[in-house]
Structures are given as C-alpha cells and as structure tokens.
C-alpha cells in the first residue's frame, strides 16, 4: 500500500543521523534487503534509521565538482502550438503542484535534468513524432561545490572506470576505497541506493519515493557541501540524472540555451534521431527566450 513519508517530521527525525557509526557488513546487508524487499512495511522511523545506516556505512561520501562546461539537459513534451516562451515554464514546477518525487519531498522544489539529450527525452517515454522543448543548463562558473553521486562507487569498483567522468576521478575514488577498511560497506551501500534510485515499477515498490527522497533531502539539508544529487537514469542504461534544489539552482546555475526538437526516428535502446524545429538566439535576464 502506498504511504506518504511524513516530511513535516524531517528535522527531528534527522537529528539522529549525526553520530551514526558504521556497522558490520552482515547487519548492513539485512538493512539493505529490507529497503529493497520490504520497504512498504517500514515505518517512517525505520526508513530514517535504514537510510542513516546506508550513509554511515559508506564512510566515503563521494562528491563531484561540476564545471561551467558540464551541460545538463531538461526536456518537456509539448505540442507545436504550446511552445514555451519563458524559462519559468521550463525549470522547476510551481510549489503548489509539487508532489513527492525521486529526490524531493512534497512542496520541495527541485529541478531534474540529465547529462545528455537522449537521457532527458528517454525519461519521458517518447514516441516517434513527439515534440520536446529542451533547455541546456550549467553552473555559472567553477564555484559550484558539486554534488553527491549515487552508483559511481560500485561502478568504479566493478569496471575500474567511471561511467561519466574522467579516469583521474575513477582512480582517485578507487584509491580512497582501497585505503578504507570498510570497502565492502561502501560498495554495498552504493549498490543498494543505485538500485533503489532506478526503480520504475511502482506496483512492486509503491513507497520507493519515501526512500530516495529522504536520502536526497538528507544531503540537501544536512550535508551542505553536497548541493545536488546525481543518480543513474531510470529509463536509459548508463545515463545520468541530476536533482538540484531551487535555491541552489538560482544561486549557481544558468540556462545556456533552449531548443525545440521532434523525434524523427526511434531505433529502440534509447537511440533517437532528432529534427530541429527551432533554437534560441538569446535568453534575457528575466528568462524570456528569443528564437532564431
């Protein structure tokens, strides 16, 4: 049965997170299996305890700085007659309609974007002929602190490389893992959270957003050096998504470009051909888009 996490209790629930100690791998495995297999039976406090253990178990919480050259893409499905002329209609939704999501509580405004156009479009279950309005966004400069990455610890451990970043990042991450006495804990916790963030079958996991939104809000509100959450794409294998709180986006990010495209061919496997309908010439400081 679907059950909403009581986000109003979030501050008091999360006081217990500070000071959590890493636990043995056997106990950690039980917690992970409960989150994956029995989360619909867990109370709010049990979910908080389990997520806290997942975070404490991963003693190396990895963050990746994003440069101003890292473009992220946000897509919105539109018709040819409803193309948006202002960024306010394309960024995060109005607070009065925000419901709990993969990385946000109810009424918590978060912008979701993807590392590539294909991933951004794939998340919206596209069909050939569909029209999408895209915006490309990036940090204004290199001062953005970065964000927590879900899934990269286990990816680097298994393959020796990073899915999304350079070899130096993977080497650094692996080096830290091998220095850490709790290497299995870190890999296991990251693997569990990666799997939970990729859940798409809500009939089997009706309360999955209770887990992933809590995990994200902990990083947004308590571990303040982590200004975003990067996590594996739900729909597109090896794709990456990002969730950014409204306040963080307004402070650190800007929209670089906008375009409107039509899917001209769908080759399955998340492979699409795009026909460009229009692209932005400029975007003024109030968010008004001028088209070429």
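Can you name every residue in the range 110-154 that is over 30 Å from residue 276 (Cβ atoms), touching a strand residue (DSSP E or B) at 6+ places or on another chain (Cβ under 8 Å) and in a loop (DSSP other than H, G, I, E, B)?
Correct list: 145, 146, 150, 151.
Return yes when residue 198 is under 24 Å from residue 43 (Cα atoms), out of contact with any helix residue (DSSP H, G or I) (no Cβ under 8 Å at 6 or more places or on another chain) and modelled with pLDDT of 90 or more and no when it is not. Steps first, answer last, please.
Numbers: under 24 Å from residue 43 (Cα atoms): yes; out of contact with any helix residue (DSSP H, G or I) (no Cβ under 8 Å at 6 or more places or on another chain): yes; modelled with pLDDT of 90 or more: yes.
When the stated conditions are applied, residue 198 passes them.
Quick check on the range 153-177: of everything there that is farther than 24 Å from residue 69 by Cα and crowded, with 17+ Cβ neighbours inside 10 Å, which residue is modelled with the highest pLDDT?
Step one: of the range 153-177, the residues farther than 24 Å from residue 69 by Cα are 154, 157-160, 174-177.
Restricting the remaining residues to those that are crowded, with 17+ Cβ neighbours inside 10 Å gives 154, 157, 174, 177.
On the way: 154: 77, 157: 74, 174: 69, 177: 64.
Top of the filtered list is 154.
Taking the range 61-115, which residues are without any contact (Cβ under 8 Å) to a residue 60 or more places away in the chain, closer than 16 Å to residue 256 by Cα and within 17 Å of the chain's Cα centre (by Cα)?
75
The values are calculated or read from the model by the stated rules, or taken from the named source; none is laboratory data. Everything numeric here is computed off the predicted structure, so don't read it as measured data. No Cβ is skipped: glycine too gets one built from the backbone with ideal geometry, and neighbour counts run over all protein chains shown.
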